[in-house]
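**Student:** Here's a structure for you.
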Amino acid sequence: MGDCWSIAEDQFDNLEKHTQWGIEFVERYNKFVKDRTDIEISYAKQLRNLSKKYQPKRNSKEEEEQRFTSCQAFLAVLNEMNDYAGQHEVIAENMSGLIFAELSRYIQELKQERKSHFQEGRRAQQHIESCWKQLEASKRRFERDCKEAERAQQHFEKMDNDLNVTKADVEKARQQAQTRHQMASDSKGEYSSVLQNFNKEQHEHYYTNIPNIFRKIQDLDERRIVKIGESMKTFSEVDRQVVPIIGKCLDGITKAAESIDEKHDTQLVVEAFKSGFEQPGDVEFEDFGQPMKRTVSESSLSNSRSDVKQETKGGKSKGKLWPFIKKNKGSGPEDFSHLPPEQRRKKLQQKIDEFNKEIQKEIDQRDGLTKMKDVYIKNPQMGRPESVDPKLAEIEQTIEKLRQESQKFEAWLAEVEGRLPTKIDHPRRPSEMHELQSTSVNNCAQDRESPDGSYTEEQNQDPQLKVAAQSEFDDEFDDEETLTAIGTCKAMYPFEGQNEGTIAMVEGETLSVIEEDKGDGWTRVRRNEDEEGYVPTSYVEVYLDRNTKGAMTYI
């Protein structure tokens, strides 16, 4: 019987250890789900930040680039990635609610139920142990009473056989022996009853109570295992549910990629940078054998050569061949006269549109305040009508200023649209054009300079004037080498000088300055007395000689 108890006790302890391990396993799996949830949240956050980082900034060049289909496609990719991030947030949310929170609650229930079962098992063990102790006590008492009865019997028999003992002593010994036999008999009956009760309790303990407790513990463990399986299945389903939506995001990215139209984008570039200039005509043959009769092609680049140098009051204007001047590094004049006609027209129209939007905003605000004033007039308790007047007056002034600015740009736009050239020579330095317009030779060409500094000749211009201009240009060109340097400059940046009339330079190179910037963003320089041309003023540091110019060094 002792061996049976030790076996039952060992199995009970083993089950207790196993069920504790089972709960710890569920907790470990739940921690895994929690870590996966944190990863999904972090990943979704990083994807959203990535999408936000590459979104085009408002009122920037990036926003203007959205007219290109490739940029629109990239924006669509960013938006799809943002939606993609949202699906990972859904995964995190479902895993947290359907698995982690559910398992956390279940683990607490599991611990409580396990504790209840093992407490019941402990009580059953304590009860059977108590019955066992009661049986042992009853048995020892029966054994003791039997021995006492035997000794009392032996004492009676001894006294009865002894002739020297009185009858009274013999009778006393006999009664004492009978009493002991009765006590032994009672102990035997009690022991028999306790033994019978113990066997009954033991049978119920091993065949009913303990098996029931073990079945409950087994059921608890099986439900724990099923719960783990269900949670793992949910883990898969949570991911599977968002797969179709993620597939749509990827389909959106593919669709965005397929929407890219290279022809459309290149056409936008053509429209954006279309200058409005016509190509020059053929260069005519110049017969130097008859210099007085030679003529110049009115639509060729030679016009630029004949127009660059004209004689001015008291001296000569030193010019240079200058077709296709590059745009200045700065913002340029307010009327965008530094741009080619087509680009200038677009810029002016853009400014007018901006002014119109601002004017409309102010008008809407004025209308709102006017309605508010009407409400105050009808319901004085809501406010004083005159309190709105200062703001209305301010808005009217703002509208008037915006309209004046808009009209100014509209006038420039009308000028451009009414004077887009039909036959235009290549552009040259604005300073040279000013000098050309100031000469007596080209007085008849007033008001024919295009907005970007180009010049259009009339078809009926006197050929003799052209010949004179050409002769002057030839003379001036011969004298260009004699220009005196008025200072030096150091290149802050490299310049390729690919256009005719420019000169290339490398960073750190020092060149001689022979003509300073006249407001068009270009400085005329010379290298080694035999090579000269124009470089962007913003690319160099200029140092003018004191005795040549009154100004000091400028950048």
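The values are calculated or read from the model by the stated rules, or taken from the named source; none is laboratory data. Keep in mind it's a predicted model, so treat the numbers as computed, not measured. Cβ: placed from backbone, ideal geometry, glycine included. Neighbour counts: every protein chain shown. For accessibility, only protein heavy atoms count, side chains too; no ligands or nucleic acids. Shrake-Rupley method; radii C 1.70, N 1.55, O 1.52, S 1.80 Å.
**Student:** Going through Glu113, Glu102, Glu80, Glu129 one at a time, which residue ends up being assigned to a helix (DSSP H, G or I) and open to solvent by 60 Å² or more (accessible area, probe 1.4 Å)?
**Tutor:** Details: Glu113 fails: open to solvent by 60 Å² or more (accessible area, probe 1.4 Å); Glu102 fails: open to solvent by 60 Å² or more (accessible area, probe 1.4 Å); Glu80 fails: open to solvent by 60 Å² or more (accessible area, probe 1.4 Å).
It is Glu129.
**Student:** Is it true that Val388 is at pLDDT below 90, in a helix (DSSP H, G or I) and in contact with a helix residue (DSSP H, G or I) (Cβ under 7 Å, 6 or more places away or on another chain)? Full working, then the answer.
**Tutor:** Numbers: at pLDDT below 90: yes; in a helix (DSSP H, G or I): yes; in contact with a helix residue (DSSP H, G or I) (Cβ under 7 Å, 6 or more places away or on another chain): yes.
Yes.
**Student:** Please find, within the stretch 333-348, the residue that is modelled with the lowest pLDDT out of those that are open to solvent by less than 70 Å² (accessible area, probe 1.4 Å) and within 18 Å of Lys401 (Cα to Cα). Steps first, answer last, please.
**Tutor:** Initial filter on the stretch 333-348 (open to solvent by less than 70 Å² (accessible area, probe 1.4 Å)): 333, 335-346, 348.
In the following step, the residues that additionally are within 18 Å of Lys401 (Cα to Cα) were identified as 335, 348.
Values: Asp335: 78, Leu348: 86.
This residue is Asp335.
**Student:** Given the structure, is Leu135 at pLDDT 95 or above and assigned to a helix (DSSP H, G or I)? Steps first, please.
**Tutor:** Numbers: at pLDDT 95 or above: no; assigned to a helix (DSSP H, G or I): yes.
For Leu135, the condition - at pLDDT 95 or above and assigned to a helix (DSSP H, G or I) - is not met.
**Student:** Next up: Select from the stretch 116-126 the residues that are surrounded by 14 or more Cβ atoms within 10 Å (Cβ to Cβ) and within 60 Å of the chain's Cα centre (by Cα) and list them in ascending order. Write out each step before concluding.
**Tutor:** In the first step, residues of the stretch 116-126 are kept if they are surrounded by 14 or more Cβ atoms within 10 Å (Cβ to Cβ); the result is 117-118, 120-121, 124-125.
Across the stretch 116-126, the qualifying residues are His117, Phe118, Glu120, Gly121.
Table: residues versus (1) at pLDDT 80 or above; (2) small (Gly, Ala, Ser).
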{"residue": "Gln464", "(1), (2)": "no, no"}
{"residue": "Phe473", "(1), (2)": "no, no"}
{"residue": "Leu483", "(1), (2)": "no, no"}
{"residue": "Glu500", "(1), (2)": "no, no"}
{"residue": "Glu507", "(1), (2)": "yes, no"}
{"residue": "Gly519", "(1), (2)": "no, yes"}
{"residue": "Arg526", "(1), (2)": "yes, no"}
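**Student:** Filter the stretch 138-191 down to the residues that are surrounded by fewer than 13 Cβ atoms within 10 Å (Cβ to Cβ) and among the aliphatic types (A, V, I, L, M) and list them by number.
**Tutor:** Across the stretch 138-191, the qualifying residues are Leu163, Ala168.
**Student:** Same structure again: Mind checking which pairs have a first residue in the stretch 481-507 that is part of a helix (DSSP H, G or I) and a second that is open to solvent by 20 Å² or more (accessible area, probe 1.4 Å), Cβ under 8 Å, 6 or more apart or different chains?
**Tutor:** Glu481/Glu529; Glu481/Asp530
**Student:** How many residues are open to solvent by less than 80 Å² (accessible area, probe 1.4 Å) and more than 20 Å from Glu16 (Cβ to Cβ) if we restrict to the stretch 200-225?
**Tutor:** Within the stretch 200-225, the subset open to solvent by less than 80 Å² (accessible area, probe 1.4 Å) is 201-202, 204-206, 208-214, 217, 219-221, 224.
Subsequent filtering for residues that are more than 20 Å from Glu16 (Cβ to Cβ) retains 201-202, 204, 208.
Qualifying residue count for the region: 4.
**Student:** Then there is this: Going by what's in this entry, would Glu64 be described as open to solvent by 50 Å² or more (accessible area, probe 1.4 Å), closer than 30 Å to Asp265 by Cβ, acidic (Asp, Glu) and over 19 Å from the mean Cα position of the chain (by Cα)?
**Tutor:** Values: open to solvent by 50 Å² or more (accessible area, probe 1.4 Å): yes; closer than 30 Å to Asp265 by Cβ: yes; acidic (Asp, Glu): yes; over 19 Å from the mean Cα position of the chain (by Cα): yes.
Taking the combined requirement at face value, the residue satisfies it.
**Student:** Ile377 passes all but one of (1) closer than 30 Å to Lys274 by Cβ; (2) open to solvent by 50 Å² or more (accessible area, probe 1.4 Å); which number fails?
**Tutor:** It is condition (1) that Ile377 fails.
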